[in-house]
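Single-structure report; data block below.
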């Protein structure tokens with residue numbers, strides 16, 4: 001890879017063979033961070049548009065996917081995970097419940113504690129949404145040259161590391 005340097009930082013950029021456009025000027029880490037942030041946000045927004053129930057908000061789907069992935073949770077657990085207030089989470093789970101995607105269940109350990117559990121319809125919605133999102137992205141990635149897909153595989157690893165830092 002060709003290095004892209006700044007006064008403080010050197011960043012490896014794509015080689016001329018893998019770059020879609022002519023070599024650009026050297027960029028700073030600040031410019032790179034802005035470019036990556038915008039690209040990730042736009043791609044994320046586009047992928048989120050691929051869902052099986054268009055009436056669900058992104059927040060509602062996020063809660064349903066969490067319940068699908070990790071199992072039953074209390075309202076407080078869900079609110080903490082999504083970084084919202086309990087009243088806000090209550091509105092979210094009420095909508096999921098009225099849509100038939102979750103049910104409330106008393107805890108076996110503490111009957112005062114209410115747990116939210118995905119229904120079969122909720123689980124199927126998550127599976128179908130994931131299938132649609134994967135299919136949308138797969139179709140677009142399949143159109144890219146092998147070198148670009150390899151570059152994206154490397155970038156995906158770097159983005160996972162950044163997300164986990």
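Results for (1) modelled with pLDDT of 95 or more; (2) assigned to a helix (DSSP H, G or I), shown as yes or no for each residue.
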| site | (1), (2) |
| --- | --- |
| 65 | yes, yes |
| 100 | yes, no |
| 103 | yes, no |
| 112 | no, no |
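Just one of the numbered conditions (1) closer than 18 Å to residue 54 by Cα; (2) touching a residue at least 60 places away in the same chain (Cβ under 8 Å) is not true of residue 159: (1). For first residues located in segment 92-110 and free of Cβ contacts under 8 Å to residues at least 24 places away in the same chain, partners that are part of a helix (DSSP H, G or I) and surrounded by 15 or more Cβ atoms within 10 Å (Cβ to Cβ) and lie 6+ apart or on another chain with Cβ distances below 9 Å form the pairs 100/122; 103/97; 103/122; 104/93; 104/97.
Here segment 113-135 is the region considered, the condition is being farther than 13 Å from residue 68 by Cβ and in contact with a strand residue (DSSP E or B) (Cβ under 8 Å, 6 or more places away or on another chain), and the residue that is surrounded by the most Cβ atoms within 10 Å (Cβ to Cβ) is 115.
Kindly indicate whether residue 107 is over 18 Å from the mean Cα position of the chain (by Cα) and either modelled with pLDDT of 95 or more or within 21 Å of residue 48 (Cβ to Cβ) (or both).
Values: over 18 Å from the mean Cα position of the chain (by Cα): yes; either modelled with pLDDT of 95 or more or within 21 Å of residue 48 (Cβ to Cβ) (or both): no.
It is false that residue 107 is over 18 Å from the mean Cα position of the chain (by Cα) and either modelled with pLDDT of 95 or more or within 21 Å of residue 48 (Cβ to Cβ) (or both).
The lone criterion from (1) out of contact with any helix residue (DSSP H, G or I) (no Cβ under 9 Å at 6 or more places or on another chain); (2) within 13 Å of residue 50 (Cα to Cα); (3) in contact (Cβ under 8 Å) with a residue 60 or more places away in the chain left unmet by residue 136 is number (1).
Please go through segment 76-90 and pick out each residue that is part of a helix (DSSP H, G or I) and out of contact with any strand residue (DSSP E or B) (no Cβ under 7 Å at 6 or more places or on another chain). Write out each step before concluding.
Taking segment 76-90 as the starting set, the residues that turn out to be part of a helix (DSSP H, G or I) are 76-82, 86-90.
Across segment 76-90, the qualifying residues are 76, 77, 79, 80, 81, 82, 86, 87, 88, 89, 90.
The set of residues from segment 41-63 being surrounded by 13 or more Cβ atoms within 10 Å (Cβ to Cβ) and either out of contact with any helix residue (DSSP H, G or I) (no Cβ under 9 Å at 6 or more places or on another chain) or assigned to a helix (DSSP H, G or I) (or both) comprises 46, 47, 48, 59, 60, 61, 62, 63.
What do you reckon, is residue 93 in a helix (DSSP H, G or I), in contact with a helix residue (DSSP H, G or I) (Cβ under 8 Å, 6 or more places away or on another chain) and within 18 Å of residue 70 (Cα to Cα)? I'd like the intermediate steps shown before the answer.
On the way: in a helix (DSSP H, G or I): yes; in contact with a helix residue (DSSP H, G or I) (Cβ under 8 Å, 6 or more places away or on another chain): yes; within 18 Å of residue 70 (Cα to Cα): yes.
Yes: the conditions hold for residue 93.
Scanning segment 76-89 for residues that are in contact with a helix residue (DSSP H, G or I) (Cβ under 8 Å, 6 or more places away or on another chain) and either farther than 20 Å from residue 126 by Cα or buried (at least 17 other Cβ atoms within 10 Å of the Cβ) (or both) yields a count of 8.
The values are calculated or read from the model by the stated rules, or taken from the named source; none is laboratory data. Everything numeric here is computed off the predicted structure, so don't read it as measured data. All Cβ positions, even for glycine, are placed from backbone atoms using ideal geometry, and neighbour counts span all protein chains on display.
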